[in-house]
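Down below is the structure, laid out as structure tokens.
Just so it is clear, none of the values below were taken in a lab; they were calculated from the coordinates. Not measured: the values here are computed from a predicted model. Neighbour counts are summed over all protein chains in view; Cβ atoms, including those assigned to glycine, are modelled from backbone coordinates with ideal geometry.
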Amino acid sequence: MKKISIVGSGTMGTGIAQIAATYGHEVCLYDSSNEAIKNSKHKIEKILNRLVEKERISQQEKENINSRINFTTDLEDIQESVLVIEAIIEDLNIKQDLFSKIERIIDKDCIIASNTSSLSIASIAAACKKSGRVIGIHFFNPAPLMPLVEIIPAVQTTTETLNTARSIIDSWNKITVIAKDTPGFIVNRVARPFYGEALRIYEEGIADFATIDWAMREIGGFRMGPFELMDYIGNDVNYMVTETVFTTFYFDSRYKPSFTQKRMMEAGYLGRKSGKGYYDYTTEERPLANEDRDLGKIILWRILCMLINEAADAFFLKIATKEDIDLAMTKGVNYPKGLLVWADEIGIKNVLTQLEELQAEYGEERYRPSPILRRMIKENKTFY
Ligand SMILES: NC(=O)c1ccc[n+]([C@@H]2O[C@H](COP(=O)([O-])OP(=O)(O)OC[C@H]3O[C@@H](n4cnc5c(N)ncnc54)[C@H](O)[C@@H]3O)[C@@H](O)[C@H]2O)c1
């Protein structure tokens, strides 16, 4: 099998290396830190042992997977790879420096991909002489478990690079979607109102955390409510994604971060990992929700219409196809339904009316409807 190299053996690099080795590739896993390599080895060993215990793989398979991974602190070892996936810290200058070093080592046909969540692929590719071989391959955490992978060609990326990169990731039994090189790609852009509008509803005093979570779970069918999910992701991580999307969209008020979440982050109330976030994780007790279905429907409707607006706008601006936008949200963040399928079901006119009412009431740009909604109503069209 062809050799794949992973650069950066942290959370994401370790997971991606595990997948590539599971699918039979010879894997080179490089990190500049000995400590990171040691931790990565330990983590992969632990995960594979658990898979053996659960009888998902045999002892022999475990040994085969392990034997295919070469852990190294020497970057020269990435030679002879067909694909190098970079998963180091999220810093443009450091990534650019690394990409130009990688290009000096690898073969002429090797593809270099970045797992960046927030940087532009074009800016990373610009560090390479043959920038057509650079692409974004964005895995979700935990990489071995999450089925979705966003593939992001930069303006420089060649069609051959795109096709080869996609076919390799498809062969790892992942669901790939293609996204334009724009902030947040698909998932981290379209999902913003799930957190942002929930926070706004709380800030206005319409409902508390437990009630909003209950409404989204029980009436909306989402696997987790927004506050549970923010606590799970970490308020620091979730806040930083929102802030990055906001600033890289030239301060579009639709993505404006919330002071509530910022203060949680500043206080160290990060969620599950710190023992306290919107909920207290040092006890089993949880505050009771107000299970008033009329209130619940108002909450769900408002957040859902904002999510649909975001998905519709991503489609309008050709960030991805409607099928890929729906796949991204169902497979990347487990939404119960694709947002554009959902829009057709509940009626685009109804979505538009809710957005217009919110915009009229608050007078805020944040609620402006995507032009495509009005256009579709005028032309009597649905998404599917
Ligand atoms: N954690 C997530 O949920 C997630 C999800 C999708 C994408 N990403 C992206 O993946 C990338 C990695 O994130 P992570 O969470 O795995 O980070 P991490 O901090 O867990 O790991 C980063 C690793 O990179 C190594 N490193 C740093 N600079 C290096 C260099 N110059 N050369 C070689 N190794 C270097 C560090 O030693 C560390 O082991 C980032 O671009 C991030 O935006 C993260």
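Points worth noting:
- Alpha-carbon centroids, region 168-186 and region 1-67: separation in whole Å: 22 Å
- Protection-proxy order for peptides 6-18, 35-47, each taking the mean of Cβ atoms within 10 Å per residue, highest first: 6-18, 35-47
- Relative contact order of the chain, pairs being alpha-carbon contacts under 8 Å that are 6 or more residues apart, as %: 12 percent
- A straight Cα-to-Cα reach below 14 Å connects Lys318 with the aspartates and glutamates Asp181, Glu310, Asp326, residues fewer than 8 places away in its own chain not being considered.
- As a length-normalised measure over Cα pairs under 8 Å and 6 or more apart, the relative contact order of region 3-178 settles at 21 percent.
- Sequence ranges 354-362, 175-183, ranked by mean other-Cβ count within 10 angstrom, highest first: 175-183, 354-362
- Rounded to the nearest 20 debye, dipole of the chain from Cβ charges on Lys, Arg, Asp, Glu: 680 debye
- Proximity of backbone amide H atoms, modeled 1.01 Å from N, is registered between Thr116 and Ile137 at under 5 Å, excluding neighbours fewer than 5 places apart on the same chain.
- Classification of region 1-57 by its C-alpha gyration tensor yields an oblate form. The axis ratio a/c (a ≥ b ≥ c) is 1.5 or more, and b/c is at least a/b.
- Cα shape, region 3-178, gyration tensor, a/c 1.5 rule: prolate
- Taking Cα atoms only, the orientation of helix 59-68 departs from the longest principal axis of the chain by about 70 degrees.
- The dipole here belongs to region 189-378: it is taken about the Cα centre, uses +1 on the Cβ of Lys and Arg and -1 on the Cβ of Asp and Glu, and is about 640 debye.
- Rounded to 5, percent antiparallel among DSSP beta bridges of the chain: 25 percent
- For region 1-146, a simple Cβ point-charge model (Lys and Arg +1, Asp and Glu -1, everything else neutral) yields a dipole of about 240 debye relative to the Cα centre.
- Global form of region 189-378, assessed from the alpha-carbon gyration tensor, a/c cut-off 1.5: prolate
- Calculated from backbone phi, Karplus (6.51, -1.76, 1.60) coupling profile of region 123-137 in Hz, x at Gly/Pro: 6, 6, 4, 4, 7, 9, 5, 9, 5, x, 8, 9, 8, x, 10
- Per residue, the convex hull spanned by the alpha carbons of the chain comes to 151 Å³.
- Within the shell defined by Cβ-Cβ distances under 14 Å, the residues around Asn93 carry a net charge of -2, with Lys and Arg each +1 and Asp and Glu each -1.
- For region 37-52, Karplus couplings with θ = phi - 60° (6.51, -1.76, 1.60), whole Hz, Gly/Pro x: 5, 4, 4, 5, 4, 4, 5, 5, 4, 5, 5, 5, 4, 5, 5, 5
- On Cα atoms only, tilt of 235-248 relative to the major axis of the chain in degrees: 80 degrees
- Counting only aspartates and glutamates at least 8 places from Lys331 when in the same chain, those with an alpha carbon closer than 13 Å to its own are Glu150, Glu323.
- Highest average first, the peptides 138-147, 221-230 ordered by how many other beta carbon atoms sit within 10 Å of their residues are 221-230, 138-147.
- Under-5 Å amide H pairs with Leu83, H placed in peptide plane, nonlocal only: Ser5, Ile111
- Considering only beta bridges that DSSP places wholly inside region 3-178, some 15 percent are antiparallel.
- Amide H contacts of Asn70 (H built 1.01 Å from N, under 5 Å, at least 5 apart or other chain): Val27, Cys28, Leu29
- Across region 360-370, coupling constants 3J(HN,Hα) worked out from phi with the 6.51/-1.76/1.60 Karplus curve, θ = phi - 60°, read 5, 5, 9, x, 10, 4, 3, 9, 5, x, 5 Hz, and Gly and Pro carry x.
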